[in-house]
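Here the structure is laid out as structure tokens; the discussion comes afterwards.
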Amino acid sequence: MLALVGFVGLCLLVGAADTAFVRDGGWAWYLSLKAPPGTPANWLFTPVWTALHVAVGTAAWLVWRRVGAGPEAAASMFGT
């Protein structure tokens, strides 16, 4: 169970680091664009990306847990 927390935590940390870079200028650029009809509300981005990061962390943990798949199999999903 501790490994699950680690995998999900790693994914959330990567998401937080990405947010730190985007907030410097990327968000202002995005807000300056003319949004087409059907574009989701801006407040939806945070919960959706958080859910995606949790899902990716959980999937990495499931791969790591599978019999015969070592930590390298799960880590390979992160490009290492």
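The values are calculated or read from the model by the stated rules, or taken from the named source; none is laboratory data. Keep in mind that this is a model prediction, so the values were computed, not measured. Please note: Cβ atoms are built from the backbone with ideal geometry, for glycine as well, and neighbour counts cover all protein chains shown.
Those residues that are of a type in the set (S, T, N, Q) and either farther than 30 Å from Ala59 by Cβ or in contact with a strand residue (DSSP E or B) (Cβ under 6 Å, 6 or more places away or on another chain) (or both), I need them from segment 12-38; list them, please.
Ser32
Those residues that are of a type in the set (Gly, Ala, Ser), under 18 Å from Gly6 (Cβ atoms) and over 10 Å from the mean Cα position of the chain (by Cα), I need them from segment 41-60; list them, please.
Ala59, Ala60
For Ala69, indicate whether it is modelled with pLDDT under 90 and in a helix (DSSP H, G or I).
no
Restricting attention to segment 1-47, which residues are among the β-branched types (Val, Ile, Thr) and either more than 24 Å from Ser76 (Cα to Cα) or part of a loop (DSSP other than H, G, I, E, B) (or both)?
Val22, Thr39, Thr46
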